[in-house]
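Remarks on the structure that follows.
The values are calculated or read from the model by the stated rules, or taken from the named source; none is laboratory data. It should be emphasised that the depicted structure is a prediction, and the values quoted were computed from it without experimental measurement. Heads up, the Cβs are rebuilt from the backbone with ideal geometry, glycines too, and the neighbour counts pull from every protein chain shown. When the accessible area is computed, the model is the full protein with side chains, heavy atoms only, and any ligands, DNA or RNA have been set aside. Shrake-Rupley method; radii C 1.70, N 1.55, O 1.52, S 1.80 Å.
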Amino acid sequence: MALQIYNTLTRRKEPFVPLEAGKVKMYVCGVTVYDYCHLGHGRTYVVWDTVRRYLLSRGYAVMYVQNFTDVDDKILRRAQQEGATMEAVAEKYIAAYFEDMDRLNVLRADSYPRATQTMPEIAALIDQLTSIGYAYSAAGDVYYSVRRFAEYGKLSGKHLAELEAGASERLQDEELARKQDPFDFALWKGAKPGESAWESPWGAGRPGWHIECSAMVKKSLGETIDIHAGGEDLQFPHHENEIAQSEAVTGKPLARYWMHNAFLNVVNQAGTEEKMSKSLGNFKTLRDLFEDFPPMALRLFLLKTSYRNPIAFSLEALKGSEQNWREMEEVLRLAPWLAQQGQSVAGDILFDPWVRRFNEAMDDDFNTAAALAELIALGKQLAGRYHAAIHGTPLADPVRFAREWCTFAFLCDILGLKAGEPEVRPSALPEAEIEAQIALRRQARAERNWMEADRIRKQLLDQGIVLIDHKDKPTTWRHADL
RNA sequence: GGCGGCAUAGCCAAGCGGUAAGGCAAGGGUCUGCAAAACCCUGAUCCCCCAGUUCGAAUCUGGGUGCCGCCUCCA
């Protein structure tokens, strides 16, 4: 079975066929940089990063572009609050974005276009839309004439006639007076006094939100791309408007596959779920979470649910993922031990059955939850055999173990799960010293001096050395963080 | 009001017509001087409710109920 992708446009899973064989052009709507990212943002970018990684693993050359919206009302407001320029605010949160996403092991995009760096292309697009009659200017603003685009609503399944009722409630906007139709949206907003502004044929101002993506996609990837992705909230109006803008000009589909990830929800005090968002004030920033959880435990948590299902955030669930991750990381860190056993840690991987089952799960619209079940099972098996080995039962088939380990590491990498450096490598005691302490403790135990024996054990533990007693052989030890 | 989605054990979650994966937590056990670690065992007679289709449904249809998202900035 080949890769199937759920396409929002058709509301079906479809076989994935890229425009050009072997190549994938992928565009993901990025963040508006006015604040730190929370776990919900983390979910989005971990999901699309994983999609990208999987496509890469299947041999596609993936061009991955993700924008930063660095011109926006919220950034403007934040700049005023902080007494900074809009540019400074944007720079600050772009840097923070990279820090956070690096820790989640999200690969860097091939390019990160920004609105401020795409002004000529944005202006050109608006100009084209105006000249073909899909846009009109009004008092310094430029609006898109939604009713001109016959297919408007095809992505979100919304119909203008039905939207009208809701729109009537927010009519008291001066902007509305300038619109020929309440559903028209701004392509260009005339600047108010004191705002950052760019010159344009329509006067000083800044682009509307939707137009930047149309311009960036076209500039960086072309008129039709393979995958256009983002959070499900962007489906309407953002992506709908992108389609209207781009397709009106090119007459070609903007994207072949539209993909949207579901939200991360939080259980509120009333006991019901609501999305994690800044406006609701119920968010956990990634950097706060990193204080309490390994980043990879968060990544694992985010991938344990398939991307189109909502995640209910809870500490309990997160701790469960942390447990899973601890074991997986222990296994991933086995490379030195394997080398010590004389086994290759860069050897062949086993395609059957692990990779096959993993791929089957991922081929089904990137079902990371099912894929992870395989991976966790494999990890558990390896951990079990490793534990038996260090407890005295030698590996039955070291070569096979090594190959399965390589398989495990390979699959973890596809999901972007990476073992960190052991955090606390306590002042490594010389082995001779450890052995001496063990000998002292053995003596104490022989004398049934349990207090002394326990004291020595505790003392070694404080230095990061864990003792493992055995029934019929001498006590062994290992590093606590392994 | 319109559109879309979800409802599976204490928690998370897969399942897409053939008789309930997996994980976390919990309980019991083995081992131990005691620990730690590890290992073993135990779990839904049932998948929100009610009808229906079918030899057979958690999976399909219809009707309920509950919850979520979008329709306004939002990942």
The one condition A:Tyr386 fails out of (1) part of a helix (DSSP H, G or I); (2) among the aromatic types (Phe, Trp, Tyr); (3) farther than 30 Å from A:Ile468 by Cβ is (3)
Wholly within the stretch A:257-338, which strands (runs of 3 or more DSSP E) include no fewer than the required count, namely at least 1 residues that are open to solvent by 20 Å² or more (accessible area, probe 1.4 Å), in contact (Cβ under 8 Å) with a residue 24 or more places away in the chain and within 28 Å of A:Val24 (Cα to Cα)?
none
Here the residues within the stretch A:331-386 that are of a type in the set (Lys, Arg) and within 8 Å of RNA strand B (Cβ to nearest atom) are A:Lys380
Whether any residue in the stretch A:54-70 is assigned to a helix (DSSP H, G or I), out of contact with any Gly (no Cβ under 7 Å at 6 or more places or on another chain) and either in the same structural domain as A:Thr305 (by TED's automatic domain parsing) or among the hydrophobic types (A, V, I, L, M, F, W, C) (or both) is what I want to check.
yes
Any idea which residue in the stretch A:20-37 is nearest to RNA strand B (Cβ to nearest atom), counting only those that are open to solvent by 10 Å² or more (accessible area, probe 1.4 Å) and outside any loop (DSSP other than H, G, I, E, B)?
A:Thr32
Candidates A:Ala115, A:Ala79, A:Ala96 - the one that is open to solvent by less than 10 Å² (accessible area, probe 1.4 Å), assigned by TED's automatic domain parsing to the domain that holds A:Tyr27, touching a helix residue (DSSP H, G or I) at 6+ places or on another chain (Cβ under 8 Å) and within 24 Å of A:Ala419 (Cα to Cα)
A:Ala96
May I ask you to say which residue of A:Ala370, A:Ala346 is open to solvent by 10 Å² or more (accessible area, probe 1.4 Å) and within 30 Å of A:Arg12 (Cβ to Cβ)?
A:Ala370
Reported set for the stretch A:189-199 where residues are on the phi < 0 side of the Ramachandran plot and in a loop (DSSP other than H, G, I, E, B) is A:Ala191, A:Lys192, A:Pro193, A:Glu195, A:Ser196, A:Ala197, A:Glu199
Cβ contacts < 6 Å: first residue closer than 16 Å to A:Tyr257 by Cα and not assigned by TED's automatic domain parsing to the domain that holds A:Gly208, restricted to the stretch A:229-240; second residue assigned to a helix (DSSP H, G or I) and more than 6 Å from RNA strand B (Cβ to nearest atom), any location; separation 6+ or different chain. Result?
none
Pick from A:Ser131, A:Ser145, A:Ser137: which is open to solvent by less than 40 Å² (accessible area, probe 1.4 Å), away from RNA strand B (no atom under 15 Å from the Cβ), modelled with pLDDT of 90 or more and of a type in the set (Ser, Thr, Tyr)?
A:Ser145
The correct count of residues that are open to solvent by 50 Å² or more (accessible area, probe 1.4 Å), more than 10 Å from RNA strand B (Cβ to nearest atom), in a loop (DSSP other than H, G, I, E, B) and of a type outside the set (Asp, Glu) in the stretch A:434-481 is 3
Taking the options A:Tyr54, A:Tyr64, name whichever one is modelled with pLDDT of 95 or more, among the hydroxyl-bearing types (Ser, Thr, Tyr), open to solvent by less than 20 Å² (accessible area, probe 1.4 Å) and over 23 Å from A:Leu264 (Cα atoms).
A:Tyr64
Go through the stretch A:283-318 and count every residue that is in contact with a Cys (Cβ under 7 Å, 6 or more places away or on another chain) and among the polar types (S, T, N, Q).
1
Within the stretch A:2-13, can one find any residue that is more than 15 Å from RNA strand B (Cβ to nearest atom) and either open to solvent by 20 Å² or more (accessible area, probe 1.4 Å) or not assigned by TED's automatic domain parsing to the domain that holds A:Asp100 (or both)?
yes
Cβ-Cβ distance below 6 Å, separation of 6 or more or different chains: which pairs start in the stretch A:87-108 with a residue that is of a type outside the set (A, V, I, L, M, F, W, C) and end on one that is part of a helix (DSSP H, G or I) and surrounded by fewer than 16 Cβ atoms within 10 Å (Cβ to Cβ)?
none
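Which of the residues that make up the stretch A:388-399 are touching a strand residue (DSSP E or B) at 6+ places or on another chain (Cβ under 9 Å), open to solvent by less than 50 Å² (accessible area, probe 1.4 Å) and not aliphatic (A, V, I, L, M)?
Within the stretch A:388-399, just A:Gly392 meets the criteria.
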Members of the stretch A:157-203 that are at pLDDT 90 or above, within 15 Å of RNA strand B (Cβ to nearest atom) and not aliphatic (A, V, I, L, M)
A:Asp184, A:Phe185, A:Trp188, A:Lys189
When you look at A:Ala402, is it open to solvent by less than 10 Å² (accessible area, probe 1.4 Å) and either away from RNA strand B (no atom under 15 Å from the Cβ) or hydrophobic (A, V, I, L, M, F, W, C) (or both), yes or no?
yes
Within the stretch A:200-244, restricting to residues that are hydroxyl-bearing (Ser, Thr, Tyr) and part of a loop (DSSP other than H, G, I, E, B), the one that is surrounded by the fewest Cβ atoms within 10 Å (Cβ to Cβ) is A:Thr224
